[in-house]
Every structure is written in structure tokens, then in C-alpha cells.
Amino acid sequence: MKLLDDDLNEVPEGKPGEICVRSRQIMDGYWKRPEQTEETLRGGWLHTGDVARQDDRGFLYIVDRKKDMIVSGGFNVFPREIEDVLTSHGDVAMAAVIGVPDEKWGEAVKAIIVPRPGTRPDPETLMRMVRDSKGAVHAPKSVEFVDEIPVTPIGKPDKKAIRARYWDGKGRLVG
């Protein structure tokens, strides 16, 4: 197991990289799907799609799914880190963070928020919380309040469905 960057180089300790594994017990490929097999088994490694950081004791800390990463102004932004900050606010019941098309930045960070019943958190306060905790690059450029967020069968925000609303016909609808 190694944490690798997009060029198959091992990342330094503490830096995010994709969890990649290699062994004789790993699958040979996807049935009748050569393109997906080639992508998943690139460079002789099985690419899990999970991004993690490794500490000095060798423990891994999952950061996010690679397909959910936002690239804003050349910076990699991991939505889960932002969602963790947003859901720490007492008036936020659920949060989903995605990248939306932006002419200047490529993608802009957008927070979709389900407020707790009877509340209406201040968008500026939420953006400031993230900016203070994670830095300006991670701070949402916009906040949208909704009654519910679409979820997958296992109860996680369905990022593909959420992104479709903003990206339909513009490109990025990654899984």
C-alpha cells in the first residue's frame, strides 16, 4: 500500500495522496471494461479512489474521495474537510460541498446546507468559519439553503446528483 500522486510518485508524509494497493490477490480487471480496468490498475497499482494522509506512525486518515475533489485556482480542495467545519455549526443539520463552474477559478466552492428546523444560519458566518479554520481557498464562494440533500442508498450526499444541477452540459459530472 502506498499513497501516490497523479504521476504515480509516493507523496511525502502528511500530504494527501490516493490510496493505491498491489498484491497477487487483487483483481485482474473489470469484466469487458478495458478502459475502466486500465484506469483502475494504472502503473501496476489498484487505485482505490480514496485520498488519505499518513502520519509519522504510519496511520492513514481518509481525506475524501478523489472524484469529489475540487480544483479551484489550481488548489486541490477536499469537500469533506469543509463539510466537517460547516456541520460543527449548531444550526446546520447537513452539508454537501461541491465545485461549481467558475470562469476565474475553474471551479468555485459551493456549500449546500440543510438548516436545523426553525433556524436560518447566516451564510457569511458559515463562510467565515471555513475561512478561519481551513483558509480562504476552502471557504465557500456561495451558500445555498435547501430542505433536503439527495443521498445515496447508504445515506451519504449524492455528489453526482448534486453536481448535475450545476454542471449539466458543462463537463464535470464525475461519479
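The values are calculated or read from the model by the stated rules, or taken from the named source; none is laboratory data. Just so it is clear, the model here is predicted, and its values are computed rather than measured. Reconstructed Cβ throughout: ideal geometry from the backbone, glycine too, with neighbour counts over all protein chains shown.
Here are a few things to note about the model shown:
- Note on region 72-131: residues that are closer than 19 Å to residue 52 by Cα and either assigned to a helix (DSSP H, G or I) or not assigned by TED's automatic domain parsing to the domain that holds residue 143 (or both) total 7.
- Among the residues making up region 16-26, a single one is basic (Lys, Arg) and either touching a residue at least 40 places away in the same chain (Cβ under 8 Å) or loosely packed, with under 12 Cβ neighbours inside 10 Å (or both): 24.
- Count of region 88-131 residues which are among the charged types (D, E, K, R), over 14 Å from residue 144 (Cβ atoms) and surrounded by 19 or more Cβ atoms within 10 Å (Cβ to Cβ): 1
- Members of region 59-68 that are surrounded by fewer than 19 Cβ atoms within 10 Å (Cβ to Cβ) and outside any strand (DSSP E or B): 59, 67
- Unique residue being within 12 Å of the chain's Cα centre (by Cα) and not assigned by TED's automatic domain parsing to the domain that holds residue 163 when the list is 28, 55, 50: 50
- Just one of the listed residues (50, 64, 56) is over 15 Å from residue 159 (Cβ atoms) and either of a type in the set (D, E, K, R) or at pLDDT below 95 (or both), namely 56.
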